[in-house]
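Participant: The structure that follows is given in the form of structure tokens.
Only the coordinates and a few stated rules stand behind these numbers; no lab work does. Treat the numbers as computed from the prediction; the structure is a model and nothing was measured. Heads up, the Cβs are rebuilt from the backbone with ideal geometry, glycines too, and the neighbour counts pull from every protein chain shown.
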Amino acid sequence: MAASKTTKKTAKGGSPTRKAAAGPNPGAGTRQATPAARVRMYRQGLGDCFLITLPRKTGGSYYIMIDCGVILGTPDAAFKMRAVVSDVIATTRGHLDLLIITHEHWDHLSGFVQARDLFQSDKLKVDKVWLAWTEDPEDDLAKHLRTERQALRLALASASARMRLAGNPDPMIDGVMEFFGAAGQGTTGDALKIVKGFTPTPRYCRPGDAPVDLEGVDARLYVLGPPHDEKMIKRFNPSKSHPETYGMAAVENLNGLVSPSAETDSAAPFDPIVQIPLPAAEQVPFFQAHYWGPDSDVRNGEPGELGNTNSGVETAAPADQSWRRIDTDWLAASSDLALQLDSATNNTSLALAIELGDGRVLLFAADAQVGNWLSWEDLSWTVKGQPVTGPDLLKRTYFYKTGHHGSHNATLREQGLELMNALEVAVIPVDHDMAVKKGWGNMPLDELERRLNEITNDGVLRIDKGVPPALAGRVEQDPSKTLYYEVAI
């Protein structure tokens, strides 16, 4: 498979942009008579679900679905996911050749719970299932990481309960816990059980596995990540300002801090029977006088003391008594650990490159973060006597599923996007309004989206926006123009 060649030009303002030269890469506004692939991006909301159609050499199509979910809290989520799955069934005639699940987050898995009945074998047959090695029940490192994440999830759930009882709930913790589902609505664990039930032998993919030539299709799949390296999986951000102090090793300490009962909390100073929650204590006159408001000792001091207006000495403002309380500041570390749980799960993402017959690459990075991306640099294969490397696949990337909905640490610069010399189309499965409601106002990151537009000559497609003019000739929509965008490659 020959690599695509490109030339560079300079955009206004001095930023380099790229334009494909004559060869296997069509321009952003053109369309091949027979596309080498079609990528359908569903528009269910903030979440991932993609259906890839590859033509078979003997006629017909090979169908790949990657993920199927939407963020918790999405209006009419079950209705939307059922519409997505129904469309998959109609398009594939009830037959998926390959189902790929990238990682254990609700916005990538919810559909398997919300449309459980539609995934029955009489409605949708699934031939093969791929998951990351992190889901392999026999892998020692995978078991270690799962144990850590489960312990941290339990600790954070406990922290959330204690903070709510204290009248100080933490949206950060609650938001992260939502990524794993909700009571009464199903969990990511439930979804994975359904997925693994599609076939008795799911494949657990490892980086550097031999490339897979799809049967009867002029396409090849490469597994890029996640790295089989605990240190790289726990490398979320390139900046040293990331709060690494606690890490996953802090799980036991956090459990000691937030255990909901003193029976299991050896550090608790008092038995639960004599503990009073802060909101309740604030309503008791004694505690009001001595732990909230101005300091009564200062206010009612003896003559000559601060606060005595009869002393003839200038008085100080009544002292605040918040110093007498421990409140819930000691639980602030749990917010940092919540971020680490979120990032550690994202960094277990199964990242894949699909190489087409003409050498172009479709890159699906899921929610991979810094450590996952960096590990690709060391990957290499020999295909038909020719070397293929991770950076080589990036250089030939023509279509990019933007990592983690366009967040700040899921697309590398010099070792990622700036290598993509052939990039023509970038899609971002993001609902910015929902992201804002969740407290993620920088999703997608403005700087990243601008750079994507510069490189692709405005070939960026978001699920929450219309089709850009540069892609108008090659993007199809469903009749309602709400369910999906499909890009011809």
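Participant: Taking neighbour counts of Cβ atoms within 10 Å as a proxy for exposure, in what order, fewest first, do Ile101, Ile194 appear?
Facilitator: Details: Ile101 25, Ile194 16.
Arranged by neighbour count, lowest to highest, Ile101, Ile194 become Ile194, Ile101.
Participant: Near Ser380, within a Cβ-to-Cβ distance under 13 Å, what is the net charge of the other residues, with Lys and Arg +1 and Asp and Glu -1?
Facilitator: Working: positive: none; negative: Asp209, Glu377, Asp378, Asp392.
With Lys, Arg at +1 and Asp, Glu at -1, the net is -4.
Participant: With θ set to phi - 60°, apply the Karplus curve 6.51 cos²θ - 1.76 cosθ + 1.60 along the range 363-376 and write out the HN-Hα couplings as whole Hz, x wherever there is a Gly or Pro.
Facilitator: 9, 10, 8, 6, 10, 4, 10, 3, x, 4, 4, 4, 5, 5
Participant: Report ³J(HN,Hα) in whole Hz for each residue of the range 141-146, in order, from the Karplus equation J = 6.51 cos²θ - 1.76 cosθ + 1.60 where θ = phi - 60°; Gly and Pro get x.
Facilitator: Working through the residues one at a time gives 5, 4, 5, 4, 5, 5 Hz.
Participant: Could you pull out every residue, at least 5 positions away or on a different chain, whose amide H is within less than 5 Å of the one on Arg462? Hs are placed 1.01 Å off N in the peptide plane, and Pro or chain starts have none.
Facilitator: Here Ile428 satisfy the definition.
Participant: Tell me the label-point distance for the pair Thr482, Thr58, using the 7 Å Cα-to-Cβ offset, in nm and rounded to one decimal.
Facilitator: 4.2 nm
Participant: Something else now. State the percent of C-alpha pairs, over all pairs in the range 40-109, separated by a distance greater than 19 angstrom.
Facilitator: Working: 786 of 2415 pairs.
That tail contains 33 percent of the Cα-Cα pairs.
Participant: Kindly put His228, His105 in sequence by how many other C-beta atoms sit within 10 Å of each C-beta, fewest to most. List each step's numbers first, then the result.
Facilitator: Working: His228 17, His105 28.
The order, fewest Cβ neighbours first, is His228, His105.
Participant: Could you derive backbone 3J(HN,Hα) for the range 457-466 from the dihedral phi with the Karplus parameters 6.51, -1.76 and 1.60 (θ = phi - 60°), listing whole Hz in sequence and x where the residue is Gly or Pro?
Facilitator: Values per residue, Gly and Pro as x: 6, 6, x, 9, 10, 10, 6, 9, 9, x Hz.
Participant: Shifting gears a bit: If you add up the charges near Thr389, with Lys and Arg at +1 and Asp and Glu at -1, over every other residue whose beta carbon is less than 12 angstrom from its beta carbon, what do you get?
Facilitator: With Lys, Arg at +1 and Asp, Glu at -1, the neighbours total -1.
Participant: Continuing with the same structure: With Cβ to Cβ distances under 9 Å as the rule, what net charge do the other residues near Gly94 carry (K, R +1; D, E -1)? Could you put the intermediate results ahead of the total?
Facilitator: Details: positive: Arg93, Lys123, Lys125; negative: Asp122.
Neighbourhood net charge equals +2.
Participant: Okay, next question. Most exposed first by the Cβ proxy, i.e. fewest other Cβ within 10 Å, how do His408, His108, His103 rank? Write out the running numbers ahead of the final one.
Facilitator: On the way: His408 16, His108 28, His103 25.
The most exposed by this proxy come first: His408, His103, His108.
Participant: Shifting gears a bit: Report, by chain and number, residues whose modeled amide H sits under 5 Å from the one on Arg56, excluding near sequence neighbours (fewer than 5 apart, same chain).
Facilitator: For Arg56, the qualifying residues are Ser61, Tyr62.
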